Amino acid sequence: MPTSDSDVQYNGERRRQLMNIALKRFAVDGYHATKISDIVGDAGVAQGTFYWYFKSKEAIFLEIIKEGREQLLAVISRGYRRDAGTVLDMVQASEAMLCRLFLFAEANRYLMELLLGRKAASDLINQAIADTRMAMENAFLLNIERAIELRMLPEAIDTRLRSSLLMSLIEGVISRWLFESMFPGNGVEGKTAQQLAAETAKFEFFGLLGI
């Protein structure tokens, strides 16, 4: 019997519910401390329902990371430069991209906890997290290389090093901002995404120029 639109919608909503609950559990309690029984208990469904959508606890974690990676890269890609511009244009474009990234991080705190935290998981999950962070760094690398093509940055700069430094900067800002209790007196507490983006963009731009 063909699946109805209402069945598809229900299945999508149930799958989303399980992923949201698992995401919070993994971020708060850690991968190893979280049990499938915890997830289905919070969802109010039978354990068999979980296995209808996901093969294992590892599988749902990997799906969470995969989806988060796609969303993060979509945010970063919106900042890709297509045309040359002035110094002010470049700073403003970087600020807009960073603002979108920080707003995404703020709205997806548990995801960022998984990506930036240090809680141990399986080797496959740890590799997926590392791959996601590298994909973000490569996305920044493409932005830098495009800016060089447009003659907005000098050709002599080490693009890989600069993208690595930029990724480290952004990871540090997000970690200190979202998880400020771990970094008391860090200077970013209470800042808005817009304020952080403005300061980070200035630091990023002049750092790329080597000034």
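Structure notes:
- Test: residue in the range 42-56 that is part of a helix (DSSP H, G or I), modelled with pLDDT of 95 or more, aliphatic (A, V, I, L, M) and not assigned by TED's automatic domain parsing to the domain that holds Glu113: yes
- Filtered by the rule that a residue be surrounded by fewer than 16 Cβ atoms within 10 Å (Cβ to Cβ), within 25 Å of the chain's Cα centre (by Cα) and of a type in the set (A, V, I, L, M, F, W, C), the range 19-49 gives Val28, Ala33.
- Which listed residue is at pLDDT below 85 and among the hydrophobic types (A, V, I, L, M, F, W, C), from Leu208, Leu178: Leu208
- Counting only residues that are surrounded by fewer than 22 Cβ atoms within 10 Å (Cβ to Cβ) and not basic (Lys, Arg), the range 98-110 holds 7 of them.
- So Ala147, is it out of contact with any Ser or Thr (no Cβ under 9 Å at 6 or more places or on another chain), surrounded by 16 or more Cβ atoms within 10 Å (Cβ to Cβ) and within 15 Å of Ala93 (Cα to Cα): yes
- Of Ile65, Ile60, Ile76, all but one fail to be surrounded by 12 or more Cβ atoms within 10 Å (Cβ to Cβ), at pLDDT below 95, of a type in the set (Val, Ile, Thr) and in a helix (DSSP H, G or I); the exception is Ile76.
The values are calculated or read from the model by the stated rules, or taken from the named source; none is laboratory data. What you see is a predicted model; the values in this text were computed from it and never measured. Note: ideal-geometry Cβ built from the backbone for every residue, glycine included; neighbour counts use all protein chains shown.
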